[in-house]
Amino acid sequence: MDLFVNKLYIWSRSQKNRNLLIQFFFLIFISLFIYYLFTKAILLDMTLSHFDSRAGFGISHTFIIDYTSNDSRWVSYFTGVINTIRVCIVAILFATLLGTIMGVARLSKNILFSTISYLYVEILRNTPLLIQIIFWQIIFLKLPRISEALTFGNTVVISNRGILLPNASSGDNGNIWITIIIIAVILSLIVSYIINKKEDLEGKSIKLFNFKLNGNLLSILLFFTITITTYFILQKPFNLDLPSIYQNDKGTYLQSGGFEFTPEFGAILFALVMYTGTFITEIVRGSIQSLSKGQTEAAQALGLSNYQIMTLIVLPQALRSIIPPLTNQYLNLTKNSSLSVVIAYPELFMVSRTIMNNSGRALPVFFLILATYLSLSLVISIIMNMINRRVTRIGT
Amino acid sequence: MQNKSKKQIGKEIILTDEVTKSFGKFQALRGITSKIYEKEVVVIFGPSGSGKSTFIRTINRLEPHDSGQIIVDGIELNDDVKNLQHVRSNVGMVFQQFNLFPHLSVLRNITIAPQKVKGLKRADADEIAMNLLQRVGIPEQADKFPSQLSGGQQQRLAIARALAMEPKIMLFDEPTSALDPEMIKEVLEVMTELAESGMTMICVTHEMGFAKEVADRFLFFDEGLIVEEGTGDQIFSNPKEERTKLFLSQIL
Amino acid sequence: MNNNSIKWFFGTFFGSVFNSIVTILSVLIFLFLINNIIGFISTSEWEVVTVNRRLLLIGRMPVEHEWRIWSILWITSFLIFSSINSWGSPSKRDLFFISFISLIICLIFTTSSTILYVVISLIICIVSYAVSFFIYKSSYQKYFQNSLKTLWILLLPIIFTLLLIGDGPSPNLWGGFLLNIILAFIAISFGFPIGIMFALGRASSLPVIKIICTIYIETIRGAPLVAWLLLAWFVLPKFLPTFWGLNDISVVIRAMIILSAFTSAYTAEVIRGGLQSIPKGQIEAADSLNLNYRTKISLIILPQAIRVVIPALISTFIGVFKDTSLVFILALTDLLQVGRIIPEQDPEFFGKALEALCVVAFLFWIVSISLSNLSTKVEKSLGIGSR
């Protein structure tokens, strides 16, 4: 007996064993907790079988999938997911653009410009996103009624039912034209690359009739020349679908045609872009400012121009510290898109909530929501990580 | 000491006349009047906060001066952008913190300015760069990155980078103050070779041993003014001012 | 002087083609915004806010319980105004800002019936400010500071006591701005320490603890807050034990639980960043001094970790405050909900949605900006973030 106690004593003196003991107790505790949850969960129906049955509700925005209320709940859910992805991709693009412009503006010497940026960040960052969404919804609803809609010469229709923009559908030679556009893009990229490389190797730029040829400008010109000339040659490669307003026999105004930009989509898009843009502005600004002053001084002492300093020295270094916090903001944006439940834009959260209300089985649906958002976050993180690796790979 | 007497000091190349500079309420320079000649090596020393770094930074206008005149190689330094470009292409600077571009390779650090500012071909720029790397003693590091080099190697790279623009004047702002003791020597050797090749140099430094070997003239700065100036013999053996004597007794 | 300023003017605003375009655009944007704002202010009618002040601020709290709110306000303003002057003197700009804000809030929310109470509040603010000002110079500074600190810690229990004693109104009646503030206060008070625990757990070298903490943090951060709140609505009651009537707790308490958990996850992430930034030498020094785990963590590591991330922490807390507006999904009437519902349901105020929304936004904005100014002050005084 004494021997046993002695052995136990020696055993317990080892740090490794103590760690094991602590973890063992934690495991027991967690298992008990999970067991408790399990007993409660058994009482609930944990399957998603109700998803196979008819959805029974309408969705106002359908994209790609032609959803009707007779489709199964799975289809309704996927429609919601697509709506989420739709608003997230567009919002991420525009928010990044806005944030970058405002971030650089904040550091500009032009007082007007930097004040706009300062006010923008201070006002919109400290107001809850929900308030901004509702604000934009009110603004959209204040647009003129459909009977007095703004149409700039029959090209667009702006009313409180949304904005209709001209749409294009493929015409006679549409496919050929699209192929030509793709070829034109590739060609101009190649030309731009060649001219830039030549400039690099040969020194000061290529001169044509004593005018300096800028590689980027040239390639853009080339692109437009090719696309426009082929447009005229092919004679109507696409049909312009212009939106219009008309009255049906009851005298109600209806609108048709074109690409529809509903108030709900607009509200959530604008709010997400403006709100996330403020955070991106701060990230960009902080990144550029955190570069040591000595870098710009050394570049100035060498005689590089302001533009050169920005593009060759400052931005490449700033880019490295921008990407991780930027990724975080994108993930926040994705999760914030769930707030469109307040203005009835049917993205995945709102659809799930409707399903929960209709069918009463919340927990499995919740797991589905969790899994979806986690997957979306994962996809975004992976893409940004790839970009991060390319950017931090040193070299010019 | 013998080498210096063989050197030909040329004509006046930098003129500063009653230059003042304040940072808010603090007046860093209170009226600096000085002339610097071609091929001359001038060493500026003095207690911290005396305005030494501020002074040489006004010469390539990293700090714009408040009043007074600065004329570099016949061009006056003022708000005129064209003048500034001219001056900066003739003046090279080496910093205490090196300020190398971490995202560019060693070679690219040197070639970026000649290529982008002077419009040299890549091949020519590379050649100049390799020659300079040879001159400062680190030709084998060409494809590495600054973070992979030791402190002494980094500062030598910084000197090579400044020399690539073929300046007439080189400014050194405490180039060895951030280095470990065993690496100071290699940088000072490069600077000595540079001086012997006839470059006009203005150095702010605490390395008095090196300074006595290489400098033609010393400027002692204190509280924003040049308190005393003279050759090495004059300053170190016969300091005229009390403050000079006090400072020298503290550092020597 | 004239020549120079003209030169500066043109240089800054029209220095280059790009610069000129930017200037013109900025001017256009300014004009557009100012035009719309002036147009809005001149045609707006603010009755929707002034008539419904009470609803906006404290929801549907019955009138006989109003004394509780006033006492809470008095105690809180006493604390705030004493604290302004106890940790260093505020700059003139801050004083101006604070007085301006207080004045506006008084103007908006004073009615004839409450004018006495408002005057009392103002008197308390001024007196406490004066008291702290004098004590600051005297030798009792330390005692005063310590008592203030204790009061701040006790503030939460005091508020709850005041709200609940003597058969107070059920939490379901809490609403308006009061609800947002209480929710935020609770979420931060509970979320912060829990977050510290999980951060330490995630940084631990014991795999089991590390995995559990990581799963907790990543799961909570993986879903949006509204989804978690919805979970509280539907699912939480089913998982709570039936004894003590716990599975029937009010929605407000459920919201508090979820908000605290949410805050703890985000706080844990922020503190984890702080923990990672501590040089290894600190831990080594503590070990070589033979400090045990508890002392090491609480006296050496945590103070340094938290100090480094204070800006990010306060930013997270501001985010939590803004997120309290999300409890609409639980059918709770917080400030934003009240501001939305009144124009929709009260025929007298149809179409006044924008006015109500502006005031709501203003209230949120005031709190957020004050907190972020506070964060800048703390940063400066602690010297973090300086180069």
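The values are calculated or read from the model by the stated rules, or taken from the named source; none is laboratory data. On a predicted model such as this, the values are computed, not experimentally measured, just so you know. Note that each Cβ is placed from the backbone with ideal geometry, even for glycine, and that neighbours are counted across all protein chains shown. SASA here: full protein model, heavy atoms, side chains in, ligands and nucleic acids out. Shrake-Rupley method; radii C 1.70, N 1.55, O 1.52, S 1.80 Å.
The table for this structure:
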{"quantity": "Filter pass, C:Leu371 being of a type in the set (A, V, I, L, M) and under 12 Å from A:Ile131 (Cα atoms)", "calculated": "no"}
{"quantity": "Count of the range A:350-363 residues which are of a type in the set (A, V, I, L, M, F, W, C) and either more than 11 Å from every other protein chain (Cβ to nearest Cβ) or not in a helix (DSSP H, G or I) (or both)", "calculated": "2"}
{"quantity": "Options A:Thr127, A:Thr100: the member that is within 30 Å of A:Arg353 (Cβ to Cβ) and at pLDDT 70 or above", "calculated": "A:Thr127"}
{"quantity": "Helices (runs of 4 or more DSSP H) enclosed by the range B:58-161 - at least 2 residues per element that are within 23 Å of B:Leu29 (Cβ to Cβ) and facing chain A (nearest Cβ under 10 Å)", "calculated": "B:81-90"}
{"quantity": "Within the range C:120-146, tally of residues that are open to solvent by 60 Å² or more (accessible area, probe 1.4 Å), part of a helix (DSSP H, G or I) and small (Gly, Ala, Ser)", "calculated": "0"}
{"quantity": "Residues of the range C:200-241 classified as part of a helix (DSSP H, G or I), touching a Cys at 6+ places or on another chain (Cβ under 8 Å) and either surrounded by fewer than 17 Cβ atoms within 10 Å (Cβ to Cβ) or at the interface with chain A (Cβ under 10 Å from one of its Cβ atoms) (or both), total", "calculated": "1"}
{"quantity": "Tally of residues being within 13 Å of B:Ala158 (Cβ to Cβ) and open to solvent by 40 Å² or more (accessible area, probe 1.4 Å) across the range A:287-302", "calculated": "0"}
{"quantity": "Helices (runs of 4 or more DSSP H) lying entirely in the range C:300-355 (those with 2 or more residues that are within 11 Å of another protein chain (Cβ to nearest Cβ), under 24 Å from the mean Cα position of the chain (by Cα) and in contact (Cβ under 8 Å) with a residue 40 or more places away in the chain)", "calculated": "C:310-323, C:335-345"}
{"quantity": "Which numbered condition C:Lys210 fails, given (1) closer than 30 Å to C:Ala305 by Cα; (2) touching a strand residue (DSSP E or B) at 6+ places or on another chain (Cβ under 9 Å)", "calculated": "(2)"}
{"quantity": "Extreme residue, nearest to the chain's Cα centre (by Cα), among residues of the range A:115-136 that are closer than 17 Å to C:Leu326 by Cα, facing chain C (nearest Cβ under 7 Å) and in a helix (DSSP H, G or I)", "calculated": "A:Leu130"}
{"quantity": "Criterion: within 25 Å of B:Glu182 (Cβ to Cβ) and either in contact with a helix residue (DSSP H, G or I) (Cβ under 8 Å, 6 or more places away or on another chain) or of a type outside the set (Phe, Trp, Tyr) (or both) - qualifying residue of B:Gln97, B:Gln115", "calculated": "B:Gln97"}
{"quantity": "Residue among A:Ile380, A:Ile394 that is at pLDDT below 90 and more than 10 Å from chain C (Cβ to nearest Cβ)", "calculated": "A:Ile394"}
{"quantity": "Test: residue in the range C:251-265 that is in contact with a Pro (Cβ under 9 Å, 6 or more places away or on another chain), in a helix (DSSP H, G or I) and closer than 22 Å to A:Tyr36 by Cα", "calculated": "yes"}
{"quantity": "Selected residue (only one of B:Ile251, B:Ile202 is of a type in the set (Val, Ile, Thr) and under 18 Å from the mean Cα position of the chain (by Cα))", "calculated": "B:Ile202"}
{"quantity": "Within the range C:147-176, tally of residues that are part of a loop (DSSP other than H, G, I, E, B) and surrounded by 14 or more Cβ atoms within 10 Å (Cβ to Cβ)", "calculated": "3"}
{"quantity": "Lone qualifier among C:Leu79, C:Leu33 - being modelled with pLDDT of 80 or more and within 30 Å of A:Lys109 (Cα to Cα)", "calculated": "C:Leu33"}
{"quantity": "Within the range A:303-330, tally of residues that are open to solvent by less than 30 Å² (accessible area, probe 1.4 Å), more than 8 Å from every other protein chain (Cβ to nearest Cβ) and of a type in the set (Gly, Ala, Ser)", "calculated": "1"}
{"quantity": "Residue in the range A:370-381 that is assigned to a helix (DSSP H, G or I) and under 27 Å from A:Ala105 (Cβ atoms) present", "calculated": "yes"}
{"quantity": "Candidates A:Phe57, A:Phe51, A:Phe26, filtered to the one that is among the aromatic types (Phe, Trp, Tyr) and open to solvent by 50 Å² or more (accessible area, probe 1.4 Å)", "calculated": "A:Phe26"}
{"quantity": "Selection within the range A:78-115 - open to solvent by 10 Å² or more (accessible area, probe 1.4 Å) and without any contact (Cβ under 8 Å) to a residue 12 or more places away in the chain", "calculated": "A:Ile89, A:Leu93, A:Leu97, A:Ile101, A:Ser108, A:Lys109, A:Ile111, A:Leu112, A:Phe113, A:Ser114, A:Thr115"}
{"quantity": "Options C:Arg254, C:Arg294, C:Arg272; residue that is surrounded by fewer than 19 Cβ atoms within 10 Å (Cβ to Cβ) and of a type in the set (D, E, K, R)", "calculated": "C:Arg294"}
{"quantity": "Enumeration of residues in the range A:331-349 that are part of a loop (DSSP other than H, G, I, E, B) and open to solvent by 20 Å² or more (accessible area, probe 1.4 Å)", "calculated": "A:Ala344"}
{"quantity": "In the range C:306-347, residue surrounded by the fewest Cβ atoms within 10 Å (Cβ to Cβ) [restricted to those that are aliphatic (A, V, I, L, M), under 22 Å from C:Glu47 (Cβ atoms) and touching a helix residue (DSSP H, G or I) at 6+ places or on another chain (Cβ under 8 Å)]", "calculated": "C:Ile342"}
{"quantity": "Some residue of the range B:115-131 being of a type outside the set (Asp, Glu), open to solvent by 20 Å² or more (accessible area, probe 1.4 Å) and within 18 Å of the chain's Cα centre (by Cα)", "calculated": "no"}
{"quantity": "Single match in A:Tyr246, A:Tyr231 (criterion: open to solvent by 30 Å² or more (accessible area, probe 1.4 Å), at pLDDT below 80, part of a helix (DSSP H, G or I) and not charged (D, E, K, R))", "calculated": "A:Tyr231"}
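Residues are listed down the side, and each one gets a yes or a no for (1) open to solvent by less than 50 Å² (accessible area, probe 1.4 Å); (2) small (Gly, Ala, Ser); (3) touching a Gly at 6+ places or on another chain (Cβ under 7 Å):
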position: B:Val42; (1), (2), (3): yes, no, no
position: B:Gly46; (1), (2), (3): yes, yes, no
position: B:Phe55; (1), (2), (3): yes, no, no
position: B:Asn60; (1), (2), (3): yes, no, no
position: B:Glu63; (1), (2), (3): yes, no, no
position: B:Asp66; (1), (2), (3): no, no, no
